[in-house]
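Quick notes on the structure that follows.
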Amino acid sequence: MLKKILVLLITLCTTQAAMSAECSKVLNTRLNNLNGESIDFCDYQGKVILAVNTASYCGNTPQYEALETLFQKYTDKGFVVVGFPANNFGNQEPGSNEDIQEFCQLNYGVNFPMVQKTDVVGPNSNPIFAELQSMTGASPSWNFHKYLISRDGMSAFSFSSSMNPMNAKLVKKLEQLLE
């Protein structure tokens, strides 16, 4: 009997380790946050993720407030917003990582994770945005483009820069993915 229990425990542990080692292609990367600390995006596997390219000096910048509202409302259900500050459009994110963090905290109370300033389009695009563009066929054409990523990382949905994060279409898709 003890031998059967031991075999069962070993099997369960091995299966669990194999499952946790799997990471979808879109999340299989590390980037630094605004403080320079490494973020392993595989840690977000199993969560619904809203990846957003952000900028501090854009007409869409007030979307930070709605992004934080979504983050606070759904975080307990397995949801995370991740901001990707980028200076790819209109030179609207010219500051340092420290400037970006201070701006977001002071003006919008942002608590969701944000990576260091990065490219979201072009040959130097970060690996997550490059994969999201491949998955959805949609590339950001301006600041605050949004990608909603399923828990398993196998599907993603693109939402335009002009769409407010609280838009019924985006929230409905988010709630479906959280079910």
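The figures follow:
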read-out	value
Region 29-58, subset more than 20 Å from Val121 (Cβ to Cβ) and part of a strand (DSSP E or B), residue nearest to the chain's Cα centre (by Cα)	Val48
Condition check for Leu34: over 23 Å from Ala156 (Cβ atoms) and modelled with pLDDT of 95 or more	yes
Scan of region 150-162 for residues that are touching a strand residue (DSSP E or B) at 6+ places or on another chain (Cβ under 7 Å) and among the hydrophobic types (A, V, I, L, M, F, W, C), ordered by number	Ala156, Phe157, Phe159
Failed condition for Gly122, given (1) within 18 Å of Lys146 (Cα to Cα); (2) out of contact with any Phe, Trp or Tyr (no Cβ under 9 Å at 6 or more places or on another chain); (3) in a helix (DSSP H, G or I)	(3)
Test: Phe157 is under 14 Å from Cys58 (Cβ atoms) and within 18 Å of the chain's Cα centre (by Cα)	no
Residue match in region 64-85 (condition: of a type in the set (D, E, K, R) and modelled with pLDDT under 95)	no
Residues that are farther than 16 Å from Val52 by Cβ and buried (at least 20 other Cβ atoms within 10 Å of the Cβ), drawn from region 101-157	Gly153
Every residue from region 131-179 that is of a type outside the set (Val, Ile, Thr) and part of a strand (DSSP E or B)	Lys146, Tyr147, Leu148, Ala156, Phe157, Ser158, Phe159
Of all residues making up region 55-82, the number that are of a type in the set (S, T, N, Q) and in contact with a helix residue (DSSP H, G or I) (Cβ under 7 Å, 6 or more places away or on another chain)	1
All positions within region 59-82 that are part of a helix (DSSP H, G or I), within 23 Å of Glu179 (Cβ to Cβ) and touching a residue at least 60 places away in the same chain (Cβ under 8 Å)	Ala66, Leu67, Thr69, Leu70, Tyr74, Lys77
Single condition Asn107 does not satisfy, out of (1) without any contact (Cβ under 8 Å) to a residue 60 or more places away in the chain; (2) over 24 Å from Lys73 (Cα atoms)	(2)
Unique match (being under 22 Å from Tyr44 (Cα atoms), over 15 Å from the mean Cα position of the chain (by Cα) and of a type outside the set (Ser, Thr, Tyr)) among Gln105, Gln176, Gln133	Gln176
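Per-residue answers, yes or no, for (1) among the charged types (D, E, K, R); (2) more than 22 Å from Asn167 (Cα to Cα):
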| position | (1), (2) |
| --- | --- |
| Lys47 | yes, no |
| Ala51 | no, no |
| Cys58 | no, no |
| Pro62 | no, no |
| Ala66 | no, no |
| Tyr74 | no, no |
| Gln92 | no, yes |
| Ile100 | no, yes |
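The values are calculated or read from the model by the stated rules, or taken from the named source; none is laboratory data. Computed from a predicted model, the values in this text were never measured in an experiment. Note that each Cβ is placed from the backbone with ideal geometry, even for glycine, and that neighbours are counted across all protein chains shown.
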